[in-house]
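Readers should treat all values here as calculations from the given coordinates under stated rules, not as data from a laboratory. Note that the structure is predicted; figures quoted are calculated from it, not measured. Here the Cβ positions follow ideal geometry from the backbone for every residue, glycine too, while neighbour counts run over all protein chains shown.
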Amino acid sequence: MAAGLIVRDGDLVEVSGPVEQGSTMCSPAPVPAVNGPCPHGIRVPGVEPAEGATLRGRWHPNGLSDIRRLPYTPASAGALGPGVR
């Protein structure tokens, strides 16, 4: 039986990736269009666009809240971190 990552409303999460105009953090998955908008992302209100950002905040279906910007640490697609299976 394979275990998956489950994130519930209000859980503390840490995300890394590019932030697009309109305050959207893109997922670290490959983007099909060069310089096109990311197909998957989450709203990060108040975060300035950047090629790379690491943010910690509370997960909600409509975006992150209580956002803190951390030193940028690139994420690798599919990596869940130490101790997460």
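Side notes on the structure shown:
- Label-to-label distance, residue 72 versus residue 51, with points set 7 angstrom from Cα along the beta-carbon direction: 0.6 nm.
- Stretchable slack from residue 62 to residue 11, in nm (0.36 nm times residue separation minus alpha-carbon distance): 17.0 nm
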